[in-house]
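Written below as structure tokens is the structure these notes are about.
What follows is calculated from the coordinates using simple rules that are stated; it is not laboratory data. Remember, predicted model here, so these are calculated numbers, not experimental data. Positions of Cβ are generated from backbone atoms using ideal geometry, with glycine treated the same way; all protein chains shown enter the neighbour counts.
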Amino acid sequence: MKRRIPLLIVFVFGVLGAIPFLIPHRIIQDADNEFRSSVLRIIVAFSLVLGVGSIIRHHYEKIRRKRENWQYSYVTLISLVISAIIGLFGGIEANGILPTRFVFPFTNYTFRFDIQTLYTNIMVPLGATMFSLLAFFMTSAAYRAFRARNIEATILLFSAFVVMLAAVPLVSSIFPKLSFFSEWILTVPNTAAKRGLGFGIALGSMATSLKIILGIERGWLGGTG
Amino acid sequence: MKFFEKLMKIDRRIIYLILALVVIVPFLRPFMIHPKAMPPVENLYNYIDSIPPDKALVISVDYTPDTEPELQPMTIALLRHAFARRIKVGVLTLGVLGLGLAENALTQVANEFNQRATTREDSIIYGRDYVFWGWQTPALTVILGMGERISRVFSVDYYGNKTETLPMMQKIKNYNNVGIVVSVSASATPLWYITYGQTSFGIKVGIASTAVQAADMYPYLNSGQATGLLSGMKGGAEYEELVQTRLGITGRRRATEAMAAQTSAHFTIIAFIIIGNIGFFALRRRKK
């Protein structure tokens with residue numbers, strides 16, 4: 001039973017998911033629409049519960065067992081609770097039941113901590129900072145790895161130079177044809193390689209999906225298959 | 001010998017420091033570089049420009065704060081274009097973290113236009129000229145559901161209004177009333193619109209992506225499945241240039257401003273690669 005029910009669910013829903021793309025009949029399309037709009041959303045809603053539960057349990061355990069960097073788990077949990085309270089009760093822009101805007105008396109200064117203000121002033125700069133670190137790692141990695149050791153590496157190096165230089169408007173304005181050459185690299189050789197990869201990935205995905213739907217591949221059952 | 005060895009082994013902290021300087025200095029002493037729009041950018045611009053009055057532009061804000069510097073200028077430029085041409089705009093996100101970014105972009109551009117407006121007709125009014133549908137999940141449900149009925153997918157908008165009660169939504173029912181969906185994304189979400197939305201409903205799809213992601217989008221541009229492509233900071237700057245030169249819409253151009261820093265950073269990376277290769281070839285020749 002433990003194996004058969006999940007296998008049956010996967011078979012039924014795998015087949016049901018494919019049918020609407022093959023049969024355009026109204027009844028099939030309406031049924032698929034209903035399934036997507038109602039059933040799928042309910043299933044996805046459970047993932048939120050699962051996600052929040054999982055993050056709380058993971059960090060609670062980390063703090064309890066005092067694992068490496070356990071102090072940071074407090075930051076995660078406190079941030080989770082505070083942002084959830086402000087988001088749920090503070091409204092989008094300080095218009096909820098929880099007051100998230102204070103005007104200091106005798107001054108015009110307003111202190112806001114509604115979810116949009118927190119997002120714009122904490123999440124956005126933090127996220128951008130994390131991503132900008134990539135530039136440093138990429139420069140260091142490019143300096144160490146991009147060596148014209150053989151013909152293939154030289155072609156790669158040359159292409160990278162052209163695409164990088166073409167992304168600089170100053171160079172493109174001095175050498176207008178460079179931009180078009182860069183476009184050609186992306187449009188022809190890049191597309192050819194990507195299409196080849198795409199076909200391979202698509203065929204592999206179809207084969208794997210079929211194996212899972214038909215119950216041939218059972219690794220996803222987590223050891224009970 | 002030692003000199004060439006040193007060329008090949010520059011300390012990474014020196015590389016970081018030099019890169020930081022060449023990125024920061026252009027922001028302190030900015031110089032504007034005006035890019036010329038490439039065909040993929042111009043195609044998207046022209047298509048949006050030709051959207052008939054009874055159809056809307058849909059912008060899918062599918063990025064998160066980490067790629068905000070690269071992608072937010074594109075969303076802003078697209079909104080400026082649509083508002084200037086009086087094209088109705090519907091905005092949604094497929095990821096919850098895009099909500100705040102979409103809200104910021106809409107507020108900024110609507111304020112820009114409303115500050116210049118002298119009459120109610122000139123103004124950009126929520127519900128009449130644009131709607132922020134917000135976020136729904138899963139993406140498959142949203143993309144396919146919008147082909148049937150948008151107000152069924154987004155029964156209330158981001159601000160809690162009933163979507164069907166908004167004036168703009170009386171005419172914008174599903175993809176039949178949408179000119180094009182532009183997915184501004186740092187991931188593969190534009191391809192979901194092509195795979196599901198375009199295959200099932202024939203919707204036109206435009207792509208605005210990070211430079212890193214753009215290479216994956218070219219096959220769809222070549223096949224005609226993507227109407228146009230804004231690629232990275234340069235794509236954003238090119239679109240900003242088109243909006244300003246062709247429509248006369250002014251405003252802060254963040255992508256164009258960042259071109260100076262990107263230019264110097266690219267030159268630095270190229271210089272480091274050349275230095276590394278000089279050392280590599282010199283040592284190889286000596287070993288022979």
* Determine, from the Cβ-Cβ distance of A:F104 and B:T107 and an R0 of 30 Å, the FRET efficiency 1/(1 + (r/R0)^6), rounded to the nearest 0.05. => 0.80
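Counting DSSP beta bridges in the protein assembly as shown, what percent are antiparallel, to the nearest 5?
If we restrict to bridges inside the protein assembly as shown, about 15 percent are antiparallel.
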* Farthest toward positive dipole pole in chain B [+1 Lys/Arg, -1 Asp/Glu at C-beta], among B:T119, B:P30, B:N177 -> B:P30
* Dipole size in debye (nearest 20) for region B:35-252 around its Cα centre, Lys and Arg Cβ +1, Asp and Glu Cβ -1? -> 600 debye
* Asked: Restricting attention to region B:217-287, which trypsin sites (Lys or Arg not before Pro) occupy a DSSP loop and are surrounded by at most 12 other Cβ atoms within 10 Å?
  -> B:R252
* If amide H atoms are built 1.01 Å from N in the plane of the peptide, which residues on other chains or at least 5 residues away come under 5 Å of the amide H of B:I59? -> B:G90, B:V91, B:L92, B:V182
* **Volume per residue of the C-alpha convex hull in chain B, rounded to whole Å³** => 153 Å³
* Asked: Of the peptides A:199-212, B:177-190, A:122-135, how do they stack up when ordered by the mean number of other Cβ atoms within 10 Å, highest first?
  -> B:177-190, A:122-135, A:199-212
* Structure fact -> Length gained if B:K6 through B:L21 is fully extended, taking 0.36 nm per residue and subtracting the Cα-Cα distance, is 3.2 nm
* Would you mind pulling out the separation of the Cα centroids of region A:117-151 and region B:59-77, in Å? => 17 Å
* Cα centroids of region B:1-18 and region B:214-229: how far apart, whole angstrom? -> 40 Å
* Asked: Under a plain spin-label model, where a point goes 7 Å from the Cα along Cα-to-Cβ, how far apart in nm are A:I5 and B:K36?
  -> 6.7 nm
* Asked: To the nearest 10 degrees, how steeply does helix B:68-84 sit against the main Cα axis of chain B, on a 0 to 90 scale?
  -> 40 degrees
* To do: Would you mind ranking A:W184, B:W135, A:W220 so that the residue whose beta carbon has the fewest other beta carbons within 10 Å leads the list?
  => A:W220, A:W184, B:W135
* Structure fact -> Once phi for every residue in region A:55-61 is put through the Karplus expression 6.51 cos²θ - 1.76 cosθ + 1.60 (θ = phi - 60°), the whole-Hz ³J(HN,Hα) values, with Gly and Pro written as x, are 5, 5, 5, 4, 6, 4, 4
* Structure fact -> Shielding of B:272-280 by other chains, given as the mean Cβ count within 10 Å, works out to 5
* **Residue mean of other protein chain beta carbons inside 10 Å, B:7-15** => 3
* **Gain in span if fully extended, A:H58 to A:H25, counting 0.36 nm per residue against the direct Cα distance** => 7.2 nm
* To do: With runs of 4+ DSSP H residues as the only contributors, calculate the mean residue ellipticity of the protein assembly as shown at 222 nm using -39,500 (n - 2.57) per run, divided by the residue total and rounded to the nearest 500.
  => -19500 deg cm²/dmol
* On each of the three principal axes of the Cα atoms of region B:13-99, give max minus min coordinate, whole Å, ordered largest first. => 57, 34, 21
* **29 Å Cα-Cα threshold exceeded, pairs from A:K194/B:K6; B:K204/B:K234; B:K9/B:K287; A:K177/B:K6; A:K194/B:K36; B:K88/B:K162** => A:K194/B:K6; A:K177/B:K6
* Structure fact -> Dipole check, region B:35-252, charges on Cβ (K,R +1; D,E -1), about Cα centroid: among B:I207, B:L92, B:M233 the Cα furthest to the positive pole belongs to B:L92
* Structure fact -> For A:F146, A:F104, A:F137, ascending order of other Cβ atoms within 10 Å (fewest first) is A:F104, A:F137, A:F146
* Round to the nearest 10 and give me the degree value, 0 to 90, for the angle of helix B:12-28's Cα axis relative to the longest principal axis of chain B. => 50 degrees
* Hey, how many Å between the Cα centroid of region B:132-149 and the Cα centroid of region B:157-213? -> 8 Å
* Is the shape of chain A best called rounded, prolate or oblate, per the rule: a/c under 1.5 gives rounded, else a/b larger than b/c gives prolate, else oblate, with a ≥ b ≥ c the square roots of the Cα gyration tensor eigenvalues? -> oblate
* Asked: For region A:1-67, with only Lys/Arg (+1) and Asp/Glu (-1) charged at the beta-carbon, what is the dipole magnitude about the Cα centre, in debye rounded to 20?
  -> 820 debye
* Averaged over every viewing direction, what's the projected area of the C-alpha convex hull for the protein assembly as shown? Give it in nm², one decimal, please. => 32.0 nm²
* What angle, in degrees between 0 and 90 and rounded to the nearest 10, separates the Cα long axis of helix B:98-116 from the longest principal axis of the Cα atoms of chain B? -> 70 degrees
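Tell me the relative contact order for chain B as a rounded percent, counting alpha carbon contacts under 8 Å between residues six or more apart. Working shown, then result.
Numbers: 489 pairs, mean separation 82.7, N = 288.
Across chain B, relative contact order equals 29 percent.
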* To do: State log₁₀ I(q)/I(0) for region A:1-67 at q = 0.13, 0.17, 0.27 Å⁻¹ as given by the Debye formula over alpha-carbon point scatterers of equal weight, solvent excluded.
  => -0.60, -0.79, -1.09
* Charge dipole of region B:1-71 about the Cα centre (unit charges at C-beta), most positive-ward option of B:P52, B:I10, B:A20 -> B:I10
* Would you mind ranking A:M164, A:M1, A:M138 by Cβ crowding within 10 Å, fewest neighbours first? => A:M1, A:M138, A:M164
* Structure fact -> Other residues with Cβ under 15 Å from the Cβ of B:A77 give, with Lys and Arg +1 and Asp and Glu -1, a net charge of -2
